[in-house]
Amino acid sequence: VSRPGNAFSADLVAEATLLKPSFPPKSQSQPYRLGVGDEVALIQVLDTATTLSALAGGVDLGADNASSNLSMMPNESTEVIETRGRIGTDGSLLLIGVGRLEALDRQISELRDEARNIFIRNGKAPDFQLEITGFNSQLAYITTDGVTAASSSTIPITDQGITLRQTIADAGIAFNEQVLTVVSFQRSGKTYSFGLADLLADNAPKIYLKDQDHIFVKNLKYQPGKVFLLGGVTPR
C-alpha cells in the first residue's frame, strides 16, 4: 500500500501494519487514590452519653483548606452523626471526631485504618463508616465528531474503575457498518488509533481509563478509491 507525502514520509507501507490496531498497553483497574477536591463522609454510631461538644472539642473548624458539616439523626439509644470533609489544596482532610488527616495520594482504606486507630487511642469504639462521596480530582475526556452532534464531555474517574468500551457505550456510540468509526486515544503524550469494530471484538484488550486520558471518536464515510490508515504506521 502506498502512502502519499513528501520526502521520507512518502513510502510504501506494509498492508499487515495497517490491519493491526494500535491499542495502549494492557492495564488493570488500579486502587483509587485521593486527590485535591475529593469529598469524604464519616458516619459514626454513638451512644447517647457522647455529647457533640466532647466530639468536636479541640477541632479548629475555621481552616480554609478543608470543609466540614455535621448532621445528627437521634434514635432511642444511639445517635448517628455524619460529618463531611473536602481534601484541601494542602492535601489534608478535616473530619470532626478524628481531626486532620493527610489524605493526598492515599487510598480510602488507609484513612479508615488511621481513623480506627485514633478512635481506639481516644478510648472510643470504632463504630464508623468512611466513604468517598465526591470524585472530583481525576477526569478523563471524550470528544466526538460526526457521530451524533460534535461534543466534548468529562468522565470522572472513580473507585469502581471504568473501561474505554463502557465509556463509548455510555456516550451512545454504536457500531454502524456503513461508516468507519475511528477511535483515537491519547495517554501520557502518546496517541493510539483503532476502529470501533476492533474495540468491540471479543479479543480486544480491556482498557481502564486513567486521569487525563482523552478519547476522540470520529465517523468517516467510505468513499470509492479512498484508503484510511489506522494503527501504528512506520515506513519501511
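The values are calculated or read from the model by the stated rules, or taken from the named source; none is laboratory data. What you are looking at is a predicted structure, and each value in this text was computed from that prediction instead of being measured. Every residue, glycine as well, gets a Cβ built from its backbone with ideal geometry; the counts of neighbours run over all protein chains shown. Only protein heavy atoms, including side chains, enter the accessible area calculation; ligands, DNA and RNA are left aside. Shrake-Rupley method; radii C 1.70, N 1.55, O 1.52, S 1.80 Å.
It is to be established whether one or more residues within segment 133-148 are of a type in the set (S, T, N, Q) and at pLDDT below 70. Show your work before the answer.
Here is the first cut: in segment 133-148, the residues of a type in the set (S, T, N, Q) are 133, 136-138, 143-144, 148.
Filter once more, keeping what is at pLDDT below 70: 148.
Among the residues of segment 133-148, at least one is of a type in the set (S, T, N, Q) and at pLDDT below 70, which makes the answer yes.
Within the bounds of segment 207-216, is there any residue that is part of a strand (DSSP E or B), in contact (Cβ under 8 Å) with a residue 24 or more places away in the chain and more than 23 Å from R33 (Cα to Cα)? There is at least one residue in segment 207-216 that is part of a strand (DSSP E or B), in contact (Cβ under 8 Å) with a residue 24 or more places away in the chain and more than 23 Å from R33 (Cα to Cα). Selection of segment 176-195 for residues being closer than 11 Å to N219 by Cβ, touching a helix residue (DSSP H, G or I) at 6+ places or on another chain (Cβ under 8 Å) and either outside any strand (DSSP E or B) or in contact (Cβ under 8 Å) with a residue 40 or more places away in the chain (or both) yields only V182. Test N65 against the stated conditions and say whether it is of a type outside the set (S, T, Y), surrounded by fewer than 17 Cβ atoms within 10 Å (Cβ to Cβ), modelled with pLDDT under 95 and closer than 22 Å to Q138 by Cα. Criteria met by N65.
Suppose we keep only residues that are in contact with a helix residue (DSSP H, G or I) (Cβ under 8 Å, 6 or more places away or on another chain) and either among the β-branched types (V, I, T) or farther than 15 Å from I207 by Cβ (or both) within segment 138-160. Which one would you say is surrounded by the most Cβ atoms within 10 Å (Cβ to Cβ)?
Per the criteria, the residue is I142.
Given the residues F128, F185, F135, which is the only one that is closer than 30 Å to I43 by Cβ, open to solvent by less than 60 Å² (accessible area, probe 1.4 Å) and under 19 Å from the mean Cα position of the chain (by Cα)?
None of the others qualify; the one that does is F135.
Filtered by the rule that a residue be in contact (Cβ under 8 Å) with a residue 24 or more places away in the chain and either open to solvent by less than 70 Å² (accessible area, probe 1.4 Å) or closer than 26 Å to R33 by Cβ (or both), segment 161-175 gives G161, I162, T163, L164, R165, T167, I168, A171, G172, I173.
Of note, S22 does not satisfy the criterion of being at pLDDT 75 or above and within 19 Å of G161 (Cβ to Cβ).
All conditions in (1) closer than 15 Å to T163 by Cβ; (2) at pLDDT below 80 hold for V233, with the sole exception of (1). For the residues T154, T158, the requirement of being within 24 Å of G37 (Cβ to Cβ), part of a loop (DSSP other than H, G, I, E, B) and in contact with a Phe, Trp or Tyr (Cβ under 7 Å, 6 or more places away or on another chain) singles out T158.
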